[in-house]
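> Submitted below is the structure of interest, expressed as structure tokens.
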Amino acid sequence: NVERAFLDALVAKTLALPEPPARRDPRAEATVEPMSLVRNDELEVTVAIAGIVSKITSRFSLAIAQLTRRLDALCPKHEIEERDNPLGPVQLCDCFVVATASLQLDIKVRIILLKLFERLVGEQMGPLYDDANRLLADAGILRDMKEFPQRIRRPLPGAAPRGTGHDRTEHAASPGSA
């Protein structure tokens, strides 16, 4: 079950958060394998994931940064960076890849599945980040962190353009619309 595997991976990452990660070797991170050694399917998945992470990070950068700072405050043994945040796009994508790894899918289907995941994450993460930040602030975790005005909701690429009748928030927020 993909959903169960995703949740198990997410819980494991969250429970591991307070413990310092294994030391990263900066030389290993800087080493890039020649393209000929990377299978095309893996490369396509890697590129798709990088795009998802970039879009979600861009769209929710403030909320992700605030949540990461609050999680960092909870983990005095080591510094929590955005890529370590279990609710950040890097870790969520990793959980999804782990959850779907056992599925025998053609690369085209796998990319479509990733795009559907991107759409779901794009729609659901804003309220989740807001709730997580609010819960931690209410619990006294960096309660005095400067709050910024409500973020402007930018549609994800491929979403229905404003004014087409598909954007319920536009009609609900417009004065005089009925």
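The values are calculated or read from the model by the stated rules, or taken from the named source; none is laboratory data. Worth saying up front: this structure is predicted, and the values here are computed from it rather than measured. Cβ: placed from backbone, ideal geometry, glycine included. Neighbour counts: every protein chain shown. These accessible areas exclude ligands, DNA and RNA; they are computed on the full protein's heavy atoms, side chains included. Shrake-Rupley method; radii C 1.70, N 1.55, O 1.52, S 1.80 Å.
> Answer with yes or no whether ALA50 is more than 17 Å from TYR129 (Cα to Cα) and among the aliphatic types (A, V, I, L, M).
Spelling it out, ALA50 is indeed more than 17 Å from TYR129 (Cα to Cα) and among the aliphatic types (A, V, I, L, M).
> Can I ask one more? Considering each of ARG59, ARG4 in turn, give the residue that is over 20 Å from GLY122 (Cβ atoms) and at pLDDT 85 or above.
ARG4
> Can you list residue pairs whose Cβ atoms sit under 9 Å apart, with the first residue in the stretch 1-15 being under 11 Å from VAL98 (Cα atoms) and the second being at pLDDT below 90 and open to solvent by 70 Å² or more (accessible area, probe 1.4 Å)? Count only pairs 6 or more apart in sequence or on different chains.
VAL2/SER102; ALA5/SER102
> Using the structure shown, decide if LEU156 is under 25 Å from LEU92 (Cβ atoms) and modelled with pLDDT of 80 or more.
In short, no.
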